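Readers should treat all values here as calculations from the given coordinates under stated rules, not as data from a laboratory. All of these numbers come straight from a predicted model, not from anything done at the bench. Note that we place each Cβ from the backbone using ideal geometry, even for glycine, and neighbour counts take in every protein chain shown.
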DNA sequence: GAGATTTCTTGACAAGTGTCAAACAAAGTC
DNA sequence: GACTTTGTTTGACACTTGTCAAGAAATCTC
């Protein structure tokens, strides 16, 4: 998606050029994501993004065709960071308890440390209902997240000697429902919400598997 | 909230005046909700709302202080319509099966027939993460919906001779997760999503109660 | 029906938006 | 070192936004 692979076949001089473009794009996307995470999709303008970066608003338009192109790029860039968050836990855990605590730990950690990102994600998913151009990217991320949850639940079932009793989309919707509730509630109750989320997930997880 | 109660104490002539104001407000809110449901919060302007109504954009400002005031009123008005949707089913059902099918029937029905409303709700809830002024209204609705889900689950437990195994916020987050997934996916797959939702809820409901 | 009040229309405003293009600077090429 | 390509700045454009105010129209009051 972010197209680095195919560039490797061209001559070195050119590669570094494309690489530099890609670097700028990434820098702009990271800056844009910060602003988007704080203000939300609706209130973020290209000028605001440029102001909160080291570039001018013309540069934004130089590297991205238009606003949707930028946002879309941001979303795709974002996904590369989020969907592999629990992989290490899944791979290293040797017991169901270890997996559960590791998973919940990482989840509350990202909830607290990357709140703006998660707010933005739920915002963008809502926007995708109205803005068709966002839909493919949002669908792709949703798919990735679903697979992520499924890997966790499968492993959890393995470690408990059980099998999942719901399919992947259902498991994702349930757990995502709890997480979204936590993200929305976090602003009002930053100190209590992480523990509530942990407790609720601990209640729910065992119900999603059975011998 | 929508202030009719206190008006009753004034002299009759005045009451009908206030009543008329309230009627206009409701008419404007209903029109605004239609536009909001189609375009989403971000892309809906006061002029667009006025254009899609029988009034001019000046009237909007005459009856509502500003944009947030209007949206906020819309949200509160909306909530009065949505949170009692399943009450009849809950009250008349005499068996768990009857309750489940009645509940699922009404849920898929509103999913299909009032899609814009539900899209708007998830949009506004996302917006409330960025716009503090929306938060109280959104929280109030969330509370109402949670209670609605809890009434259903309690009754379901009663009819099956069991008790819920999760608390109200958890039950709401889980079921709402499934419903939101359905709303988001409905645009892409209008014919399959309702049945998928039904199947998933049928899988999940029994897991939320136990003897 | 005259006069006062409420309701509505119209047009304007300041501010902000996405987009673009022309001028300018930097880097790379021969 | 001249010339082309690439990157950046700046300022402008057409347009939309929320807000408001002055006045017309409708309604009510006596």
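When segment B:112-127 is examined, which residues are found to be within 13 Å of chain A (Cβ to nearest Cβ) and under 13 Å from the mean Cα position of the chain (by Cα)?
B:115, B:116, B:117, B:118, B:119, B:120, B:121, B:122, B:123, B:124, B:125
Output the residues belonging to segment B:22-70 that are in a loop (DSSP other than H, G, I, E, B) and within 14 Å of chain A (Cβ to nearest Cβ).
Listed by number, the residues that qualify are B:44, B:45.
Between B:48, B:98, B:30, B:22, which is more than 16 Å from DNA strand C (Cβ to nearest atom) and surrounded by fewer than 19 Cβ atoms within 10 Å (Cβ to Cβ)?
B:98
Which of the following residues is away from chain B (no Cβ under 12 Å) and over 15 Å from the mean Cα position of the chain (by Cα): A:103, A:130?
A:103
Does residue B:109 fit the bill of being within 16 Å of the chain's Cα centre (by Cα) and closer than 30 Å to residue A:37 by Cβ?
Criteria not met by residue B:109.
How many residues, within segment B:188-205, are within 11 Å of chain A (Cβ to nearest Cβ), in contact (Cβ under 8 Å) with a residue 24 or more places away in the chain and surrounded by fewer than 18 Cβ atoms within 10 Å (Cβ to Cβ)?
1
Have a look at B:73, B:122 and point out the one that is within 16 Å of DNA strand D (Cβ to nearest atom), touching a residue at least 12 places away in the same chain (Cβ under 8 Å) and outside any loop (DSSP other than H, G, I, E, B).
Only one candidate passes the filter, namely B:73.
It is to be established whether one or more residues within segment A:149-172 are within 30 Å of residue A:57 (Cβ to Cβ), touching a helix residue (DSSP H, G or I) at 6+ places or on another chain (Cβ under 9 Å), surrounded by fewer than 19 Cβ atoms within 10 Å (Cβ to Cβ) and in contact (Cβ under 8 Å) with a residue 12 or more places away in the chain.
No.
Tell me, which residue of segment A:136-148 that is buried (at least 18 other Cβ atoms within 10 Å of the Cβ) and over 30 Å from residue A:101 (Cβ atoms) is nearest to the other protein chains (Cβ to nearest Cβ)?
A:138
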